[in-house]
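A short write-up of the structure that comes next.
The values are calculated or read from the model by the stated rules, or taken from the named source; none is laboratory data. Since we're looking at a predicted model, the values are computed, not measured. With ideal geometry, Cβ positions are generated from the backbone for all residues, glycine too; neighbour counts draw on all protein chains shown. For accessibility, only protein heavy atoms count, side chains too; no ligands or nucleic acids. Shrake-Rupley method; radii C 1.70, N 1.55, O 1.52, S 1.80 Å.
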Amino acid sequence: MATTPITTAAQGGVPLGGLARRLVADGLIPEDKIRAAQAKVQKSGGSLVSHLVEEKLVTPAKIALSACHAFGAPLIDVGAVDLDPEIVRLVGEKLMREHRVLPLFKRGKRLYLGMSDPTNLAGLDAIKFATNLTTEAIVVEDDKLLRLIESAASATQTSSIQVDDADLENIDITEGGEGPEVDIATAADAEDAPIVRFVNKIMLDAINQGASDIHFEPYEKIYRIRYRKDGELKIVATPPVQMGGRLAARVKVMSRLDLAERRIPQDGRIKLNLSKTKAIDFRVSTCPTLFGEKICARILDPSSAQLGIDALGYEPEQKDAYMKALQQPQGMILVTGPTGSGKTVSLYTGLNILNTEDINISTAEDPAEINLPGVNQVNVNPRVGLTFAAALKAFLRQDPDVIMVGEIRDLDTAEIALKAAQTGHMVLSTLHTNDAPQTIVRLMNMGVPAYNLASTLTLIIAQRLARGLCKICKKPVEIPKRELIKEGFTEADIADPSFKPMKAVGCDQCDHGYKGRTGVYQVMPFSEEMGRIIMEGGNAIQIAEQAKKEGINDLRRSALKKVMDGKIDLLQANACTVGD
């Protein structure tokens with residue numbers, strides 16, 4: 001590689017720093033530009049590497065590689081490192097931000113720090129003095145370093161049990177059910193004011209950030225709290241491990257669970273009243289682990305059922321098929337997909353459309369996740385004999401118009417649901433299958449006769465959730481034609497003027513280029529020809545081929561359509577339809 005002559009101080013120039021000199025020598029940036037950048041940074045007091053990256057003078061990857069070769073420091077992908085909250089807390093937010101370093105791991109008395117500029121000796125010395133550990137630099141890319149410093153600093157801030165908001169002690173919480181008698185000392189420990197404020201803040205932050213679940217997780221040396229947001233789990237707090245028992249006790253008190261019982265799983269519920277008109281429910285589940293009780297709190301926002309079908313991501317023809325099926329006086333609508341694919345929201349949206357004063361709606365759920373006024377909701381309880389099948393039998397004596405079964409798990413439930421659909425009722429339910437055609441085969445494998453399915457099924461919806469691209473920062477991406485064909489696009493797709501695949505970029509309004517989630521659907525009306533196929537002993541492949549002939553998109557094709565429209569990227573399309 002050709003090198004650029006470097007002006008020395010004796011020649012009248014300001015001496016270049018070690019990294020700056022190396023970047024010029026490697027031909028990555030002209031000397032005049034690096035000098036201008038260095039002068040600007042000296043005035044502002046910022047980081048030279050950050051300035052070069054922000055001004056797009058040199059890419060972070062090239063800077064990291066050059067620094068690695070110049071100073072013999074190891075180079076790693078910092079995104080692949082699991083940070084230890086204890087080590088992060090050892091260094092602290094102030095030192096991380098001030099010196100732009102990230103503590104990666106500790107070996108004996110040696111602390112390894114991620115840095116984009118290994119010549120930052122002041123940062124190494126400051127952390128060595130603060131921690132009383134020998135410090136060693138590891139080169140990382142500057143843009144990744146900054147994101148992880150921000151994430152680690154946020155977790156450090158939240159991990160403090162001391163919360164200043166006095167109102168956090170006085171949130172109106174309706175505790176779920178009639179709980180057992182508890183030990184007074186244990187309950188008093190769980191009612192400790194800092195613990196109360198901290199747990200309330202965790203719950204409020206989760207609601208404000210649009211999280212779907214909160215995980216309280218104890219381990220041998222750390223305790224972490226994570227939110228699931230847009231399908232991704234992220235650490236939001238790492239309180240001291242000694243606080244784990246008190247945090248678990250507080251959540252159990254709020255859920256009216258048995259504090260003394262730590263050997264078996266328990267289920268409870270919390271209602272958090274945010275205002276006179278707004279309340280959020282939490283479905284709480286505890287599970288004993290090696291180092292304490294892991295608690296998962298699912299956030300159940302009733303407003304999600306009020307979003308309307310237009311907000312769920314159905315294509316126009318898919319929406320029309322669903323609406324047409326809901327308007328039928330009888331029949332069965334099934335929604336399928338893995339756990340967390342949005343089946344409940346799709347079902348509740350349909351129920352909300354049907355929920356008028358002249359319709360009698362009853363649901364059997366395990367448990368009822370969202371409270372819908374005007375709908376008679378029943379929680380099944382197998383321990384006392386209230387199974388899905390038993391609830392269905394009771395509903396049929398309650399003059400129903402619409403019945404919703406949380407899940408068809410066995411032949412008994414399936415047969416009663418089908419009989420209800422055959423006798424003038426609309427039945428909605430869910431199954432766990434990969435796609436719509438496999439749903440029919442699953443029911444037949446349970447023992448449901450083919451003629452019952454052929455005369456009863458109205459519509460099957462298979463669905464997934466994909467992370468949507470941020471509308472603010474997404475940018476068009478050029479993908480080679482052969483790769484597009486390989487992914488499943490057709491020549492007609494690529495030639496379409498509206499074809500505009502996008503890529504995730506990242507801005508301060510999103511999470512690395514993604515914001516929110518959108519549904520990917522296969523909406524399959526059950527036709528007479530499909531009925532003929534199953535009556536003749538056909539399989540899922542034959543049904544899928546017939547669906548294709550009828551112009552019904554499978555999940556993969558629906559995902560590619562959203563890529564074409566610029567709503568998701570190919571990465572998300574592949575993630576949500578893998579194996580389909």
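Tell me, which residue of the range 121-130 that is in contact with a strand residue (DSSP E or B) (Cβ under 7 Å, 6 or more places away or on another chain) and among the hydrophobic types (A, V, I, L, M, F, W, C) is surrounded by the most Cβ atoms within 10 Å (Cβ to Cβ)?
Filtering first and then ranking leaves Ile127.
Would you pick out the residues in the range 61-96 that are in a loop (DSSP other than H, G, I, E, B) and buried (at least 19 other Cβ atoms within 10 Å of the Cβ)? Steps first, answer last, please.
Taking the range 61-96 as the starting set, the residues that turn out to be in a loop (DSSP other than H, G, I, E, B) are 72-74, 76-77, 81-84, 92.
Passing the criteria: only Leu83.
Can you work out which of the residues in the range 29-48 that are open to solvent by less than 50 Å² (accessible area, probe 1.4 Å) and either in contact with a Lys or Arg (Cβ under 8 Å, 6 or more places away or on another chain) or polar (S, T, N, Q) (or both) is modelled with the highest pLDDT?
Gln38
List the residue pairs whose Cβ atoms are under 7 Å apart, where the first residue sits in the range 449-463 and is open to solvent by 20 Å² or more (accessible area, probe 1.4 Å), the second is in a strand (DSSP E or B), and the two are 6 or more positions apart or on different chains.
Thr458/Gly331; Thr458/Met332; Thr458/Ile333
Filter the range 131-148 down to residues that are within 23 Å of Val505 (Cα to Cα) and of a type in the set (D, E, K, R) and give me whichever is surrounded by the fewest Cβ atoms within 10 Å (Cβ to Cβ).
Our first condition is that a residue be within 23 Å of Val505 (Cα to Cα); within the range 131-148, this holds for 140-148.
When the remaining residues are screened for being of a type in the set (D, E, K, R), the result is 141-144, 147.
Values: Glu141: 24, Asp142: 25, Asp143: 17, Lys144: 19, Arg147: 15.
Looking at residues that are within 23 Å of Val505 (Cα to Cα) and of a type in the set (D, E, K, R), I get Arg147.
In the range 212-257, which residue that is surrounded by 17 or more Cβ atoms within 10 Å (Cβ to Cβ) and of a type in the set (Asp, Glu) is nearest to the chain's Cα centre (by Cα)?
The selected residue is Asp230.
Conditions (1) at pLDDT 90 or above; (2) out of contact with any helix residue (DSSP H, G or I) (no Cβ under 9 Å at 6 or more places or on another chain); (3) of a type in the set (S, T, N, Q); (4) not in a helix (DSSP H, G or I), marked per residue:
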{"position": "Gly350", "(1), (2), (3), (4)": "yes, no, no, no"}
{"position": "Ala364", "(1), (2), (3), (4)": "yes, no, no, yes"}
{"position": "Arg383", "(1), (2), (3), (4)": "no, yes, no, no"}
{"position": "Gln398", "(1), (2), (3), (4)": "yes, yes, yes, yes"}
{"position": "Met404", "(1), (2), (3), (4)": "yes, no, no, yes"}
{"position": "Ala417", "(1), (2), (3), (4)": "yes, no, no, no"}
{"position": "Val427", "(1), (2), (3), (4)": "yes, no, no, yes"}
{"position": "Thr439", "(1), (2), (3), (4)": "yes, no, yes, no"}
{"position": "Met444", "(1), (2), (3), (4)": "yes, no, no, no"}
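What are the pairs, 6+ residues apart or on separate chains, where a residue within the range 349-364 that is more than 17 Å from Pro329 (Cβ to Cβ) has its Cβ under 7 Å from a residue that is part of a helix (DSSP H, G or I)?
Cβ pairs passing all conditions: Thr349/Ala305; Thr349/Ile309; Asn352/Ala305; Asn352/Gln306; Ala364/Phe388; Ala364/Ala391; Ala364/Leu392.
Only one of Gly551, Gly538, Gly519 is outside any helix (DSSP H, G or I) and touching a Gly at 6+ places or on another chain (Cβ under 7 Å). Can you tell me which? Steps first, please.
Working: Gly551 fails: touching a Gly at 6+ places or on another chain (Cβ under 7 Å); Gly538 fails: touching a Gly at 6+ places or on another chain (Cβ under 7 Å).
Gly519 is the lone residue from the list that is outside any helix (DSSP H, G or I) and touching a Gly at 6+ places or on another chain (Cβ under 7 Å).
Which of the following residues is over 18 Å from Leu459 (Cβ atoms) and surrounded by 15 or more Cβ atoms within 10 Å (Cβ to Cβ): Met524, Met564, Met530? Don't jump to the end; show me each part of the working.
Details: Met524 fails: over 18 Å from Leu459 (Cβ atoms); Met530 fails: over 18 Å from Leu459 (Cβ atoms).
Exactly one residue qualifies, and that residue is Met564.
Just give me the residues in the range 106-120 being open to solvent by less than 60 Å² (accessible area, probe 1.4 Å) and more than 25 Å from Thr59 (Cβ to Cβ), in sequence order.
In the first step, residues of the range 106-120 are kept if they are open to solvent by less than 60 Å² (accessible area, probe 1.4 Å); the result is 108, 111-120.
Matches in the range 106-120: Gly108, Leu111.
Mind listing whichever residues of the range 467-492 are part of a loop (DSSP other than H, G, I, E, B), of a type in the set (A, V, I, L, M, F, W, C) and either touching a Pro at 6+ places or on another chain (Cβ under 7 Å) or free of Cβ contacts under 8 Å to residues at least 24 places away in the same chain (or both)?
First, pick out the residues of the range 467-492 that are part of a loop (DSSP other than H, G, I, E, B): 470-474, 477-480, 488-490.
Restricting the remaining residues to those that are of a type in the set (A, V, I, L, M, F, W, C) gives 470, 472-473, 477, 479, 489.
Within the range 467-492, Val477, Ile479 qualify.
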